[in-house]
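What follows is a short report on a single structure.
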Amino acid sequence: MCIRDRAWEQFKHSDGALGMKDVPWPCPVGELSAAKVAPVVLPPNLDAGARRKLLQEELRRWHPDKFSARFAARLLEGDKEEVMGHVTRVSQCLNELMQELKASDKADS
């Protein structure tokens, strides 16, 4: 299990209130972009199928509705809007990466 996955597991199973600093963001929130997220969630030298599987897992993890259902009640009131905004941005980055993968698959066909 990689460091990022361990951090996510700790976050997921933690007790108490959660704030911005507690969320295991894939990169600094001020730098959220598909280009910054990609090397963190997609290790090099993976085939298209493995990349797709990893992206699907990450999309489930960062989907705003799923994240909200799981963690919203524990988010600090003062951080909730900011956290959910960044969760949405991570999800958008992952969707961009999935679209790029699908376009690449079509080009290779």
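The values are calculated or read from the model by the stated rules, or taken from the named source; none is laboratory data. Being a predicted model, the structure only gives us computed values, none of them experimental. Virtual Cβ from ideal backbone geometry, glycine too; neighbours counted across all protein chains shown. Side chains are part of the model used for accessible areas, which takes the heavy atoms of the whole protein and leaves out ligands, DNA and RNA. Shrake-Rupley method; radii C 1.70, N 1.55, O 1.52, S 1.80 Å.
A few comments on the model shown:
- Label-point gap, in nm, between S68 and A7 - each point 7 angstrom along Cα→Cβ: 2.5 nm
- Applying D = kT/(6 pi eta Rh) to the stretch 14-109, where Rh is the Kirkwood radius over alpha-carbon pairs, T corresponds to 10 °C and eta to 1.306 mPa s, the Stokes-Einstein value obtained is 112 µm²/s.
- When H86, H13 are compared by accessible surface with a 1.4 Å probe, the order from highest to lowest is H13, H86.
- Once the chain from D15 to K36 is taken as fully extended at 0.36 nm per residue, the excess over their C-alpha distance is 4.6 nm.
- Relative contact order for the chain: 34 percent, from Cα pairs under 8 Å spaced at least 6 residues apart, divided by residue count.
- Neighbourhood charge, 15 Å Cβ-Cβ cut-off, centred on K66 and excluding it, Lys, Arg +1 and Asp, Glu -1: +2
- With every protein chain in place and a 1.4 angstrom probe, the accessible-area ranking of C2, C27, largest first, reads C2, C27.
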